[in-house]
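Following: one structure in structure tokens, then a few remarks.
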Amino acid sequence: MPELPEVETVANGLHERVSGDTVISVWLGEKPEPLKSPAEEIAETLKGKKIEQVHRIGKTVVFELVGGTQFLVHLGMTGRLLVNGGDVPLPPHTHGVLHLKSGREVRFIDPRRFGRMSVTRGYTGPGKEPLKIDVDEFVGLFKGRKTPIKSALLNQKLLHGVGNIYADESLHRAGIRPTRQAGRLTRIELERLHKAVKAVLQHAIKLGGSSVSDYVDADGMRGFFQLEHRVYLRTGEPCRTCKTPIKRLLVAGRGTHYCPMCQR
DNA sequence: ACTATGTCCTGCGAGC
DNA sequence: TGCTCGCAGGACATAG
């Protein structure tokens, strides 16, 4: 479940390793599922283009190529982007390879195939950037919404980049129960949530993200934020604040973890 | 316009 | 030991 901090870590690692390099050719696996654009279009569009920058918009890794072309990679649940020398054997579930002028390769590996690749121009993402949004705009996002605050946090058209881990962690830090109606939260509560979302994401970025399933960065390294989780996947374990056992329920079909004492 | 639910996909761990 | 089954969930489609 690469979310904003994991995707940012991956994008930064890629930027260090491949910006300035040029795409010589593109190989895409025979399975069409991981492609949002036709394989030929991706291959033809990227071929011969220099990579100027790699960064993140929401949960999407964005390769900025010369002339305004963008190569988008969404990692889905289990997607990895690795940079390797061409002599390293391709691992199973490799769906795409960019062959670079330097001899290195950018590889997209994704066992569960929820990830997606596409080429486009002018991509800005579906929602607002959680690290940039100011408090008034943040509060405005939830006005009149009847859906649980947890669902609203997962809605990428509002904020993009927050997923299941950081939604749960942010709500715990803000002391808000995930099932509360988004539109019924007070201004004070939403201010706390605004702060909590930013703090959690920034802390996680510092620690290289959370490695809960098989997440690794562009160097194949795991993150360390999972050691800091206060609720996520801690069902039955004592709350780190008040020792009350963490509860689990389903919200929006997602496993949702919270402290019944700290979160009201 | 908003909300809820089902679907995709594979690996892994619990339980028998 | 080896099997089945449920679960993990981001984004999108579909239905209400």
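The values are calculated or read from the model by the stated rules, or taken from the named source; none is laboratory data. The structure presented is a predicted model; accordingly, all values stated were derived computationally and were not measured. Using ideal geometry, Cβ is built from the backbone for each residue, glycine included, and neighbour counts are taken over all protein chains shown. Heads up: the accessible areas ignore ligands, DNA and RNA and are worked out on the full protein's heavy atoms, side chains in. Shrake-Rupley method; radii C 1.70, N 1.55, O 1.52, S 1.80 Å.
Laid out as a table, the results:
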{"read-out": "Count of region A:252-264 residues which are assigned to a strand (DSSP E or B) and open to solvent by 10 Å² or more (accessible area, probe 1.4 Å)", "value": "3"}
{"read-out": "Selection within region A:130-170 - crowded, with 19+ Cβ neighbours inside 10 Å and among the hydroxyl-bearing types (Ser, Thr, Tyr)", "value": "A:SER151, A:TYR166, A:SER170"}
{"read-out": "Count of residues meeting criterion [farther than 11 Å from A:PRO178 by Cα and more than 16 Å from DNA strand B (Cβ to nearest atom)] in region A:248-264", "value": "2"}
{"read-out": "Test: residue in region A:140-147 that is assigned to a helix (DSSP H, G or I) and aromatic (Phe, Trp, Tyr)", "value": "no"}
{"read-out": "Unmet criterion (only one of (1) free of Cβ contacts under 8 Å to residues at least 24 places away in the same chain; (2) within 9 Å of DNA strand C (Cβ to nearest atom)) for A:ASN164", "value": "(1)"}
{"read-out": "Members of region A:171-196 that are in a helix (DSSP H, G or I) and crowded, with 19+ Cβ neighbours inside 10 Å", "value": "A:LEU171, A:HIS172, A:ARG173, A:ALA174, A:ALA182, A:LEU190, A:LEU193, A:HIS194, A:ALA196"}
{"read-out": "Flag for A:PHE71 being within 30 Å of A:LEU193 (Cβ to Cβ), of a type in the set (Phe, Trp, Tyr) and crowded, with 19+ Cβ neighbours inside 10 Å", "value": "no"}
{"read-out": "Any pair with Cβ under 6 angstrom, 6 or more apart, that starts in region A:4-27 at a residue that is over 20 Å from A:GLY67 (Cα atoms) and ends at one that is surrounded by 17 or more Cβ atoms within 10 Å (Cβ to Cβ) and among the hydroxyl-bearing types (Ser, Thr, Tyr)", "value": "A:GLU6/A:TYR215"}
{"read-out": "Subset of region A:78-106 that is under 20 Å from A:GLU3 (Cα atoms) and in contact with a Pro (Cβ under 8 Å, 6 or more places away or on another chain) - its residue that is nearest to DNA strand C (Cβ to nearest atom)", "value": "A:THR78"}
{"read-out": "Options A:GLY208, A:GLY183: the member that is closer than 19 Å to A:THR78 by Cα, of a type outside the set (Val, Ile, Thr), more than 14 Å from DNA strand C (Cβ to nearest atom) and out of contact with any strand residue (DSSP E or B) (no Cβ under 6 Å at 6 or more places or on another chain)", "value": "A:GLY208"}
{"read-out": "Residue selected from region A:148-165 under the condition under 19 Å from A:GLY125 (Cα atoms) and outside any loop (DSSP other than H, G, I, E, B), by the criterion modelled with the lowest pLDDT", "value": "A:ASN164"}
